[in-house]
Amino acid sequence: MSSYATTDDLDSRVDVAVALPITDLPADTWLVVSTVKIDTPQTLTYRLAQLHILGAIGVSGAQLGQAVLPNADGLCVFPTAPGEVNGGLGLCWLGVYQGFDPTSPPVAQTLSEPTVSVPYAQTIVLPASADRGVVPIVLSAPGTYSFVLYNNTTNYTLRVAVAGQVRVNVA
Amino acid sequence: MSLSVPSFVTREQYDRTLDVPISLPQTLLDPGLSIVVNAFDIPDGATMQIRWLCLHFVRASTTSIPTKINNGRQGVSAGLYGDSGLYTNELPGSAMAGVSTDFPNTAVAMPVSFPFAAKSPGTYALVVQNNFSCRVEVVVTASLRITLAT
């Protein structure tokens with residue numbers, strides 16, 4: 001049901017960025033893009049997240065240090081098929097984890113929400129993007145939520161960027 | 001939280017309210033290094049409030065207990081500094097407001113527990129600093145609200 005917003009409504013909402021400027025993420029590595037810690041009775045609404053692969057650089061063999069460039073058709077063909085660290089999970093993903101443990105690989109940890117993932121392919125059009133759509137989910141269990149980006153390839157550094165937002169209702 | 005009586009938000013109020021996101025994704029900080037995450041000016045008549053400040057100390061480059069450069073300070077901290085002279089590549093003075101931690105975990109300041117508002121015009125900067133003698137990896141996620149004058 002629609003209603004008017006009050007000053008209390010406005011004061012109780014905090015929009016927090018989940019943003020990563022263009023970054024070279026080495027093969028089989030992760031980084032924390034953003035972290036939000038909530039307590040009872042706060043909630044975290046996750047709606048917008050976009051992941052973009054803007055380039056790739058080989059890290060082994062004949063592709064060492066070579067950028068994957070678009071051909072005459074605008075397609076980027078990986079000279080050597082990207083190897084997947086974890087099969088079936090795409091080239092790169094953004095996941096949200098409660099209580100992320102930096103001593104354990106992301107794939108071994110429980111996701112709070114399905115990942116935003118760029119599907120596996122040997123030929124891609126740059127920028128290759130993935131987004132989670134606009135259906136929000138609300139996380140209400142108290143804890144620390146981290147948005148973690150992972151390069152799931154074994155042989156390419158990926159040039160990536162993330163744009164996203166979460167809304168904390170501080171009640 | 002507002003201390004005034006709740007009322008409906010007018011379009012004019014909404015237009016004057018700017019939420020500024022601040023995001024430092026996981027970044028490696030050398031020993032003793034401070035970096036400016038963001039710097040901004042508050043114009044005359046405007047107010048600025050820290051709405052959210054979350055410092056995530058992800059990990060350190062050593063498995064042993066790291067030593068501090070300055071024992072009077074926390075190991076890793078993020079804070080708001082006023083006046084441009086206060087932030088440099090060296091450890092700055094005391095923050096006007098901030099969070100800190102000695103151990104890999106998350107420190108957070110939020111409006112309910114930690115209201116802070118600046119009304120003086122000038123330049124402000126959000127600075128994160130490493131007071132350990134080893135390298136650390138940190139994430140800073142913050143949100144500021146600037147309310148412009150009518």
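The values are calculated or read from the model by the stated rules, or taken from the named source; none is laboratory data. Predicted, not measured: the structure shown is a model, and the values here were computed from it. Ideal geometry is used to build each Cβ from the backbone, glycine not excepted, and the neighbour counts take in all protein chains shown.
From the residues in the range A:1-48 that are within 13 Å of the chain's Cα centre (by Cα) and small (Gly, Ala, Ser), which one is surrounded by the fewest Cβ atoms within 10 Å (Cβ to Cβ)?
For the range A:1-48, the residue satisfying everything is A:Ala19.
Among the numbered criteria (1) over 30 Å from B:Leu148 (Cα atoms); (2) part of a strand (DSSP E or B); (3) at pLDDT below 90, which single criterion is violated by B:Thr123?
Going through the list (1) over 30 Å from B:Leu148 (Cα atoms); (2) part of a strand (DSSP E or B); (3) at pLDDT below 90, B:Thr123 breaks only (1).
Kindly provide the set of residues from the range B:12-23 that are loosely packed, with under 12 Cβ neighbours inside 10 Å and either within 11 Å of another protein chain (Cβ to nearest Cβ) or in a loop (DSSP other than H, G, I, E, B) (or both), ordered by number.
B:Tyr14
Just the residues that are assigned to a strand (DSSP E or B), over 17 Å from the mean Cα position of the chain (by Cα) and not β-branched (Val, Ile, Thr), please, taken from the range A:49-107.
A:Gly58, A:Ala67, A:Pro70, A:Cys76 - these are the residues of the range A:49-107 that are assigned to a strand (DSSP E or B), over 17 Å from the mean Cα position of the chain (by Cα) and not β-branched (Val, Ile, Thr).
Give the residue, chosen from A:Thr103, A:Thr29, that is within 9 Å of chain B (Cβ to nearest Cβ) and hydroxyl-bearing (Ser, Thr, Tyr).
A:Thr103
For the range A:111-144, enumerate the residues that are in contact with a strand residue (DSSP E or B) (Cβ under 7 Å, 6 or more places away or on another chain), not aliphatic (A, V, I, L, M) and not in a loop (DSSP other than H, G, I, E, B).
Those that are in contact with a strand residue (DSSP E or B) (Cβ under 7 Å, 6 or more places away or on another chain), not aliphatic (A, V, I, L, M) and not in a loop (DSSP other than H, G, I, E, B): A:Ser112, A:Glu113, A:Thr115, A:Ser117, A:Thr123, A:Ser129, A:Asp131, A:Gly143, A:Thr144.
So which residues in the range B:24-37 are out of contact with any Pro (no Cβ under 9 Å at 6 or more places or on another chain) and assigned to a strand (DSSP E or B), if there are any at all?
The answer is B:Leu24, B:Gln26, B:Thr27, B:Leu28, B:Leu29, B:Ile35, B:Val36, B:Val37.
Do we have A:Ser146 as surrounded by 14 or more Cβ atoms within 10 Å (Cβ to Cβ) and at pLDDT below 95 here?
In short, no.
Hey, any hits in the range A:77-90 for a residue that's within 30 Å of A:Asp9 (Cα to Cα) and touching a residue at least 40 places away in the same chain (Cβ under 8 Å)?
No, because not a single residue in the range A:77-90 is within 30 Å of A:Asp9 (Cα to Cα) and touching a residue at least 40 places away in the same chain (Cβ under 8 Å).
Could you go through the range B:33-47 and let me know if any residue there is at pLDDT 90 or above, within 10 Å of chain A (Cβ to nearest Cβ) and in contact with a strand residue (DSSP E or B) (Cβ under 6 Å, 6 or more places away or on another chain).
Looking through the range B:33-47, none of the residues is at pLDDT 90 or above, within 10 Å of chain A (Cβ to nearest Cβ) and in contact with a strand residue (DSSP E or B) (Cβ under 6 Å, 6 or more places away or on another chain).
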